[in-house]
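Trainee: Below you'll find the structure I mean.
The values are calculated or read from the model by the stated rules, or taken from the named source; none is laboratory data. All of these numbers come straight from a predicted model, not from anything done at the bench. All Cβ positions, even for glycine, are placed from backbone atoms using ideal geometry, and neighbour counts span all protein chains on display. When the accessible area is computed, the model is the full protein with side chains, heavy atoms only, and any ligands, DNA or RNA have been set aside. Shrake-Rupley method; radii C 1.70, N 1.55, O 1.52, S 1.80 Å.
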Amino acid sequence: MAIRLLPRLKISAKVLVYFLLVSLVPLLLVSIVLADRGRSLLLEAAISKQSVVADSIAGKFNIFLEDRIRGVVLESKLLALASSDPTLTSKYLAAYIAQDESIQEVVLLDPKGIQVVKVDANGSDFTPSDRSSSDAFKAIGLLEGRHFVSSVSYGKDNETSITIAVPILPSNLSRAQDVKTRSAVEAKITSDQFLGVIVVKYNIVDLWQSVLKTQIGKDGYAYVVDSLGNLVAYPDPDFLAQNQKIPDVEAVKNYINNNLETTTNDNLETTTTTSEKGVSVVSTPRKLSSNNWAVIVQEPVSSVYSGINSFIQLSVIIIVSSGLFAIALSLIFRKQLLNPIKQLLIGTKKLSEGDFGYTVTVKSNDELRYLADTFNGMSQNINKLVGDLKIKNADLDKATNQLSEANEKLQQADATKDEFISMASHQLGTPLTTIEGYLSMVSQGYYGELNEKLATTVNKALGRTQVMRSLLLDFLDVSRMTANKFYLDIEPTDFNKIIGEEVSALATSAVEAGVQLAYHPPHQPPALINIDEQKTRQAIMNLVTNAINYTAGGKVDVFLRYNDAEAQYTVVDNGIGVPDSEKPKLFSKFYRAGNAKESRPSGTGLGLYLVRRVVEDQGGRVVFKSEQGKGSTFGFILPLDTNLPLGQYLPPSNSADESA
C-alpha cells in the first residue's frame, strides 16, 4: 500500500521516504529477528529453570512423604509385636510423637474401626469412638494391605496437615510389607486379617513454607495440588482461603488428564497456559512418586520475557537515531538534487505554455547539467519545428480545401453514376424482357420448328439475355442499397427446397462447364425460416454460379447442415482459390480477385457483395475459407429464428458497406 501511495508524493517527500526505508527497514528486520531469537532463548532458559525447581520441590515432597510412610509402616510392625495393653501402647505412641515434631496426633483403631487410643500433645485419650466411617479406615480396607495418604486438610489459620494410615498386620504378613515401595504386598490382604490400623496426622506447614518461599524469576511461584485439583500448598493465603479447589485451571486440568493416562512425568511437559488468576504463564508440572500430588511451577509470560525489554529499548533508541540521521541526509540530498529539478520543471511549464525560447540554467557539473543542456537544445529544436510546422500547416489547409472540393465533386459524380445505373437498369429492363420473351417463344417453336444450328444459336442468345437480366437485377439491388431502399419481403421459406431448386436450375450450366455438381441435403430438413425467398435464392445462386465459373472441369458440392439454433449453407469447390492478400476485400462492392479476372474477364464484382448484404440484413453471417490453387468454401449461416417481421422489411442501412 505504501508503494502505491509513493507516486502521489512530491520528489522531496519520496526522497525522505526512501532514505527512511533504506536506513530503518534493515534495522527493524534485524531487531525483530534478534528479539524473536532472544524470546526463544529466554523461554528455553525459563523452561530449564522451572524443570530444575519443579524436580527439586517434588524431591522434597517425595523425601518427606517417604520418610513418614516408612516410619508409620515401622510403627505398625512394632505394634503388631507389642503388648495389647492400651496404657503401654499409649506410652509407646507418645514416645513416637516426641521423636517427630510434625506429628499432631496418632490414633490406634481396632479391626472394626473403633478407636483404642488417641495420643496428641494434650495426652492420651482412651475413649472408644467409632471411626469406621472415616476416609482413612475405609481406604485401608479397599487398598488390600497398602498404606493410605489423605488429601491436605486445612485447620485453624489455614494450617495444612495430611493423614497417613497403615494397617497392622500379623507378623507373618507384616514381613511381606516392602517399606521401600510403601507397603506394596505380594498377595492381597483382606480387612478381616488386620490386627488394627494406625492413623498418623502430620503438620506439613514447615514443608509448605519451603515451597511457598520458592522464587522463580521475577514473579514466578510454585504450588501443589492433589489428583482432584485441591490446593495442597499455595503462596497467597488469601487466595488459598477462597479457592481451595481449582480443578478447572488449565495447568491443573492438564495434570489431572495426564495423571489418568500415565504414572510417570513423561507426558507432563512445560506449556504456556492461563493461570488460576487469569494471567498467561509458562507452567511446568511434576508428579510426586509417593502419591498422586503434583507440584506446578509457573512464571508469568511477561516475567519470562522481561529480559528482552532492555534490548527493545536500545533498539528503539538506535532506530530513532538512524531515522533522524536519515532525515538529515535526505535534506542535504534534496537541496543538491531538487533545485536543478525545479529549474527544469519551470522550463517544462514554460515550454507547455508555448514559450519555446526559454532556457534553463543549472550550475552543477553532473548529469543534471547535461540534462539541462539537453532540455535547452530540445527547446530550440521545438521552436524551429514549430515554425516549420506553421508553414506546412498552411500548405495542409490549402490542400485540405482542394481535397474537400474534389470530394464534393466525386460525391456528385457518384450520385450521378448511381442515378444513371438505376435509370439505365429500368430502361433496359423492359426491352430486355421483350427480347427474352420472343427468344423463348422462338426456342419453344411458336414460330415454327427450328433446325439444330438455329436452335443452338437461339438458345445461346436466350442464355445471354438471362445473364444480362441477372446483371441488371444486381445493378438495381446495389442502387437500392445505396439509396437505403433495399426492402426485404419476409415470409416462411423452405430453405432446403429453394437450395435444391437453384442447384437443379444450374445443372445445365455445370454440365456445359464440365463440372460435377451435387447437392447433399440433410437427413431431416429444418423447419421453415422467416426470410426473403427471392433474395436468398439469388444469394444461393450467386455462390453456386461462382463455384461453377471458377472450377472448370472440377467438382462442386453443396451442403445444408443445421443444429438447434442455426442452418449453414456451404458450397465447396476445388477450383482456382483466392490469394491470401485479396481475401480481406473479397466481399466489397465491385471487387474481383486478380486470378478471377484472369480466369474469367467478364464480371461485375457485385455477386459476393450482394450475398453478404442479403445474409447480414437477415441476421446471418457469411463463411469463407480458401487456398489458392486448391479450392474454396463459400457459404452463409442463418438463424432458425430470425426475429424478422413478416411482410416488407427495410433493414438498417450500413454506410460502411457503401464506403467499401
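Trainee: For segment 605-637, what are the residues that are in contact with a Pro (Cβ under 9 Å, 6 or more places away or on another chain) and in a helix (DSSP H, G or I)?
Mentor: The answer is ARG613, GLU616, ASP617.
Trainee: I would also like to ask the following. Only one of (1) at pLDDT 90 or above; (2) within 53 Å of the chain's Cα centre (by Cα) is not met by THR536, so which one is it?
Mentor: (2)
Trainee: Considering segment 614-630 alone, what residues qualify as being farther than 17 Å from ALA547 by Cβ and among the hydrophobic types (A, V, I, L, M, F, W, C)? Working first, answer last.
Mentor: Narrowing segment 614-630 to residues farther than 17 Å from ALA547 by Cβ: 614, 616-621.
Of everything in segment 614-630, just one residue is farther than 17 Å from ALA547 by Cβ and among the hydrophobic types (A, V, I, L, M, F, W, C), namely VAL614.
Trainee: Another question, if that's okay. Could you check segment 336-362 and list, in sequence order, the residues that are open to solvent by 80 Å² or more (accessible area, probe 1.4 Å), modelled with pLDDT under 75 and under 46 Å from the mean Cα position of the chain (by Cα)?
Mentor: Residue satisfying the conditions is LYS342 alone.
Trainee: Could you say which residue among ASP192, ASP206, ASP238 is in a helix (DSSP H, G or I) and modelled with pLDDT under 70?
Mentor: ASP192
Trainee: Out of GLY145, GLY71, report the one residue that is outside any loop (DSSP other than H, G, I, E, B) and touching a helix residue (DSSP H, G or I) at 6+ places or on another chain (Cβ under 9 Å).
Mentor: GLY71
Trainee: When you look at ILE421, is it in a helix (DSSP H, G or I), modelled with pLDDT under 75 and open to solvent by less than 90 Å² (accessible area, probe 1.4 Å), yes or no?
Mentor: yes
Trainee: Next up: Which residue is nearest to ASN496 (Cα to Cα), if the candidates are limited to segment 548-576 and must be at pLDDT below 90 and crowded, with 22+ Cβ neighbours inside 10 Å?
Mentor: ILE548
Trainee: Just wondering, is there one or more residues in segment 40-51 that are assigned to a helix (DSSP H, G or I), open to solvent by 40 Å² or more (accessible area, probe 1.4 Å) and either among the aromatic types (Phe, Trp, Tyr) or over 30 Å from SER303 (Cβ atoms) (or both)?
Mentor: Within segment 40-51, not a single residue is assigned to a helix (DSSP H, G or I), open to solvent by 40 Å² or more (accessible area, probe 1.4 Å) and either among the aromatic types (Phe, Trp, Tyr) or over 30 Å from SER303 (Cβ atoms) (or both).
Trainee: Name the residue, out of VAL106, VAL119, that is over 19 Å from LEU169 (Cβ atoms), open to solvent by less than 70 Å² (accessible area, probe 1.4 Å), of a type in the set (A, V, I, L, M) and part of a strand (DSSP E or B). Outline the logic, then answer.
Mentor: Numbers: VAL106 fails: over 19 Å from LEU169 (Cβ atoms).
Going through VAL106, VAL119 in turn, just one is over 19 Å from LEU169 (Cβ atoms), open to solvent by less than 70 Å² (accessible area, probe 1.4 Å), of a type in the set (A, V, I, L, M) and part of a strand (DSSP E or B): VAL119.
Trainee: With (1) surrounded by 18 or more Cβ atoms within 10 Å (Cβ to Cβ); (2) closer than 14 Å to THR633 by Cα as the list, and PRO579 as the residue in question, which single condition is left unmet?
Mentor: If we test PRO579 against (1) surrounded by 18 or more Cβ atoms within 10 Å (Cβ to Cβ); (2) closer than 14 Å to THR633 by Cα, just (1) comes out false.
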